Amino acid sequence: MEAHASYVDALAGDAPPEPQGTTPPPPSSHAAPEMPADEGAPSFAKSLLGDGPEGAAGALRDDARRFATALALSALYGLSIGTRDGGLSILKHAAAVPLAPLAVAGLGVPALFIVLTLFDAPVDPPAAVKAAARGAATTGLVLGGLAPAMALFVTTSSSRIGAAFSAGLGLILAGAFGLRAFLGAIGTPLGRAPAGVRTMSGFALAGFAIFATALSARVWWSTLPIFGGGQ
């Protein structure tokens, strides 16, 4: 009878039960590898303010590109506020707005670096140049972003005082963001310094902030025609 039952089960197609204690075969080692997700190209702001290529030559080239872009965006803001008077005033404003970032980078940053060196702060020349480039690039980004709205406002404003006031607010805003970016970049290595060095460096950075603000205000006030300068 048992042989007959086994013969019937075989005809019915029932598979024999798997033996206990067996493990499934390992997965094939030829499976297709997972492809990394496409993160996309970095944005313009990230490529301008992010870390540049490693190496002295690459870092210097990247900092020079940041400065050039910052000056171009600052000139764009000058073009926008110069549209109120038109003509030669457009070129005067475009040439005057980038002068403040240039003056701060050329006069203030070297002096600050010398003072920090006297305090034995862990800041080297490439770090100072990189911080200056990042501060200038941040200022240029803010000015370039405000340029279209500023052009519309100064050309439609019925009061020249109102147009000058709004142009000044844009410059103050951009300068504040640029100064914040510079202080943040140059202050990063100071966190590893001793407490006394950090304290003295903090006073030096505060003095630089006051100097940069006064110098930028002086340059813009004396050279921008919308404020009565450069005429």
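Computed from the coordinates by the stated procedures, all read-outs in this text should not be read as laboratory data. Values in this document were obtained by computation on a predicted structure and should not be read as measured data. Heads up, the Cβs are rebuilt from the backbone with ideal geometry, glycines too, and the neighbour counts pull from every protein chain shown.
A compact table of results
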quantity: Net length gained if the chain between SER43 and PHE165 were fully extended (0.36 nm per residue, minus Cα distance); calculated: 40.7 nm
quantity: Label-point gap, in nm, between LEU60 and THR83 - each point 7 angstrom along Cα→Cβ; calculated: 4.0 nm
quantity: Contour excess over end-to-end distance, with Cα ends at PHE211 and ALA111 and 0.36 nm allotted per residue; calculated: 34.9 nm
quantity: Nitroxide proxy distance, nm - points 7 Å out along Cα→Cβ at ALA195 and SER222; calculated: 4.3 nm
